[in-house]
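The next block holds one structure in the form of structure tokens; read it before the comments.
The values are calculated or read from the model by the stated rules, or taken from the named source; none is laboratory data. Everything quoted here is computed from the prediction, not taken from an experiment. Positions of Cβ are backbone-derived with ideal geometry, glycine not excepted, and every protein chain shown enters the neighbour counts.
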Amino acid sequence: MTSPILLSLQLALVTSSLLLVIGLPVACWLAFTRFRLRFLVESVVALPIVLPPTVLGFYLLLEFGSRGWLGAFWQRFTGHTLAFSFEGLVFGSIIYSLPFAVQPFTSALASVDRRLLAASASLGASSMRTFWRITFPIAFPGIVTGFALSFAHTLGEFGVVLMLGGNIAGRTQTASIAIYDNVQMLDYPTAARQSITLLGISFALLVLINALNRKRNWRLQ
Amino acid sequence: MNASSAPLHVEIHIPLQQFPLACTFEAQREVVVLFGASGAGKTSVLDSIAGFRTPIRGRITIGDRVVFCSENGINLPVRHRRVGYLSQQPALFPHLSVRQNVEYGLLDLPQAERDERVGAILERFRIAALASRRPAKISGGEQQRVALARTLVCEPELLLLDEPLSALDLGLKSLLLESLFDWQRERAVPMLYVTHDQSEAYSLSRRVLVLEKGHVVADGEPHRIFSAPFSRERAELSGYENIFDAAVEETHSALGTMTCRVMESNLMLEAPLANKTAGDAACLALRAGDILVATVCPTGISARNLLPGRIRVIEDRAGMVELRVQCGGTRGDAKGGVAQNKTQRTEFCVHVTRGALQNLALRAGQDVWLVIKTHSIQFLRS
């Protein structure tokens, strides 16, 4: 059976990896579009920051259930409901952590000097080549930051997971829920062990990211 | 269909915020200087040719390719125009080495050919020793050399240069220009060089296009263009520090001069004869470096303008000293004390060397004489 800590790490890794794939195109669009209603899209992306996790979880639960559009589709496809499953947690976490990936991505991409992009185009590069050879490498520290933030944010997620996943040991019982459970059952030593592990992982991650970015900035100057 | 056979044909209309830009010109396989004040639309012209900006109307051809034509809906993207564009900022890719920067435009070529061309251009621009360094680790002049090599190695069919060397010091600049012009002569591609520096325009080319408020107002050899009466806007731009509104008092056709009175003052200046009659308005321009300063009234001198004045302020500038000298008007210490209404002092800006300042022991408040040759005074187009 997967331990809660391991399950949390798994969920965080899958979520932040998928956010890299989903978030980068969104961030690219936000960073470079001249569309007038851009702010509307930005607001939608930022919504999970201000929304209470239980509210988000409630709506997702309705949607993921067998009567929801996505839930019904998923059930027909896989045979089990999206709610109360690991996949459901991944879906929920992607939405919940979206701003923590997209916002750093967007600001990193937008801060790439436009003159470099112009130079690349006038040297004959297609927009794909410009993105992968110029924009992406220069924005890389911000992209790593977005990855790490969404990872850490998913790691500590509580409300959405509780609403969506229930509390099924080995399947949807993540570390933060397990800690809450253990405290409820007055098992303080286990809660303490799990807490210090989460604290350690989160802190180590931030130290690693900052060190990486520092080294890189030093090299470019 | 293509009536013109010139390697570059430009005909564009862009509604800029301040004025509508509408200009038409052609260029042979030559260097053409695009001269004008900042905000005259020079960069918009270059951006349209390079493809960064879309004119609302017009047609641009490079060689036998139509790169833009509003009538036929042709608008080639930047990457297909084969136009080299170099601006004041080298815009080197900071995460790539010098070699990788130069190589960037050749990524579609086979490795062997790429290496050969990159190697040759690195040698030519004397940056082979820097090949493995990052842009942040080389000097500004070297960065601009790399940017130039990166552009030229792609063999563009047209070169656009937007004050590419204005951030460099004089020595570096002439060295780079030499390499650039050698290359241009060799490849015989048209080259548009934007500048707002008149002396640069003189030295660079035998053809200057003057752009003013989005229109080409003059096209020809630099000495012809710059000696013709020009606008006040351009006089300010070309470093005429003293510009006065004046009125013609008297013409002396036998002497080849005219006496002009500076507006709102009693100051008279002898200016070269122009096609004007007494009472006409005239705008006069005078360079600060063309005025001499004397501590006593000079005698036996050919200059026709000897003006008494007083130094108001002395400012140390890079390489020289700027004096502000007030002339004419009614002096506080003038005897008689008949204060004339509507006569103001006229302030001249004068440049002298630091040596002259020390030698003459000039200080603020001192009375001096300004000496001005008739032909130092330029008439401006009104």
>> Looking at (1) more than 9 Å from chain B (Cβ to nearest Cβ); (2) touching a Phe, Trp or Tyr at 6+ places or on another chain (Cβ under 7 Å), which one does A:T135 not meet, given that it meets all the others?
In response: (2)
>> For region B:257-285, which positions are surrounded by fewer than 19 Cβ atoms within 10 Å (Cβ to Cβ), among the small types (G, A, S) and more than 20 Å from B:S231 (Cα to Cα)?
In response: B:A278, B:G279
> Quick one: which of B:S38, B:S70, B:S48 is out of contact with any Cys (no Cβ under 6 Å at 6 or more places or on another chain), surrounded by 14 or more Cβ atoms within 10 Å (Cβ to Cβ), more than 13 Å from every other protein chain (Cβ to nearest Cβ) and within 23 Å of B:G220 (Cα to Cα)?
Replying inline: B:S48
>> Quick check on A:S85: is it at pLDDT below 95, among the polar types (S, T, N, Q) and under 15 Å from A:L11 (Cα atoms)?
In response: yes
> When A:P141 is evaluated against the numbered criteria (1) buried (at least 18 other Cβ atoms within 10 Å of the Cβ); (2) touching a residue at least 60 places away in the same chain (Cβ under 8 Å); (3) more than 14 Å from chain B (Cβ to nearest Cβ), which criterion, by number, is the only one it fails?
Replying inline: (3)
>> If I ask for residues that are under 23 Å from B:W369 (Cα atoms) and under 30 Å from the mean Cα position of the chain (by Cα), which ones from region B:262-280 would you list?
In response: B:V262, B:M263, B:L269, B:E270, B:A271, B:P272
> Taking region B:23-65, which residues are assigned to a strand (DSSP E or B) and more than 21 Å from the chain's Cα centre (by Cα)?
Replying inline: B:R57, B:G58, B:R59, B:I60, B:T61, B:I62, B:R65
> Any chance region B:243-252 includes a residue that's touching a residue at least 40 places away in the same chain (Cβ under 8 Å) and under 30 Å from B:E26 (Cα atoms)?
Replying inline: no
>> So, in region B:158-173, exactly how many residues are surrounded by fewer than 19 Cβ atoms within 10 Å (Cβ to Cβ) and either modelled with pLDDT of 90 or more or of a type in the set (K, R) (or both)?
In response: 1
> How about region A:104-132: which of its residues are surrounded by fewer than 22 Cβ atoms within 10 Å (Cβ to Cβ), more than 8 Å from chain B (Cβ to nearest Cβ) and not β-branched (V, I, T)?
Replying inline: A:S107, A:A110, A:S111, A:R114, A:L117, A:S127, A:M128, A:F131, A:W132
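Would you check which residues across region B:307-333 are modelled with pLDDT of 80 or more, of a type in the set (V, I, T) and surrounded by 16 or more Cβ atoms within 10 Å (Cβ to Cβ) and list them?
B:I311, B:I314, B:V321, B:V325
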>> Of all residues being touching a helix residue (DSSP H, G or I) at 6+ places or on another chain (Cβ under 8 Å) and within 9 Å of chain A (Cβ to nearest Cβ) in region B:103-112, which is surrounded by the most Cβ atoms within 10 Å (Cβ to Cβ)? Just the residue, please.
In response: B:G105
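Counting only residues that are charged (D, E, K, R) and farther than 23 Å from B:V98 by Cα, which one in region B:148-200 is nearest to the other protein chains (Cβ to nearest Cβ)? Walk me through how you get there before you give the answer.
Quick first cut of region B:148-200, residues charged (D, E, K, R) only: B:150, B:155, B:157, B:162-163, B:169, B:173, B:178, B:182, B:185-187, B:197, B:200.
Now drop any that are not farther than 23 Å from B:V98 by Cα, which leaves B:157, B:185-187, B:197, B:200.
Working: B:E157: 12, B:R185: 23, B:E186: 20, B:R187: 17, B:D197: 22, B:E200: 23 Å.
In this case the residue turns out to be B:E157.
So, in region B:288-319, exactly how many residues are touching a residue at least 40 places away in the same chain (Cβ under 8 Å) and either closer than 10 Å to B:I372 by Cα or not in a loop (DSSP other than H, G, I, E, B) (or both)? Walk me through it before giving the result.
First, pick out the residues of region B:288-319 that are touching a residue at least 40 places away in the same chain (Cβ under 8 Å): B:288-298, B:301-314.
Now restrict to residues that are either closer than 10 Å to B:I372 by Cα or not in a loop (DSSP other than H, G, I, E, B) (or both): B:288-294, B:302-314.
Final tally of qualifying residues: 20.
Rundown of residues vs (1) within 34 Å of the chain's Cα centre (by Cα); (2) small (G, A, S); (3) within 19 Å of A:P137 (Cβ to Cβ), yes/no style:
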position	(1), (2), (3)
B:N101	yes, no, yes
B:Y104	yes, no, yes
B:L107	no, no, yes
B:E113	no, no, no
B:R126	yes, no, no
> When you go through (1) in contact with a helix residue (DSSP H, G or I) (Cβ under 7 Å, 6 or more places away or on another chain); (2) surrounded by 18 or more Cβ atoms within 10 Å (Cβ to Cβ) one by one for A:F58, which number turns out not to apply?
Replying inline: (2)
> Within region B:342-364, can you find the residues that are farther than 17 Å from B:P308 by Cα and of a type in the set (S, T, Y)?
Replying inline: B:T353
> Do we have B:D115 as within 30 Å of A:R216 (Cα to Cα), surrounded by fewer than 18 Cβ atoms within 10 Å (Cβ to Cβ) and away from chain A (no Cβ under 14 Å) here?
Replying inline: yes
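If we keep just the residues of region B:80-102 that are among the polar types (S, T, N, Q) and more than 9 Å from chain A (Cβ to nearest Cβ), which is farthest from B:A120 (Cα to Cα)?
The qualifying residue farthest from B:A120 (Cα to Cα) is B:Q88.
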>> Can you say whether B:L180 is within 21 Å of B:A149 (Cα to Cα), surrounded by 15 or more Cβ atoms within 10 Å (Cβ to Cβ) and in contact (Cβ under 8 Å) with a residue 40 or more places away in the chain, as far as the supplied structure shows?
In response: no
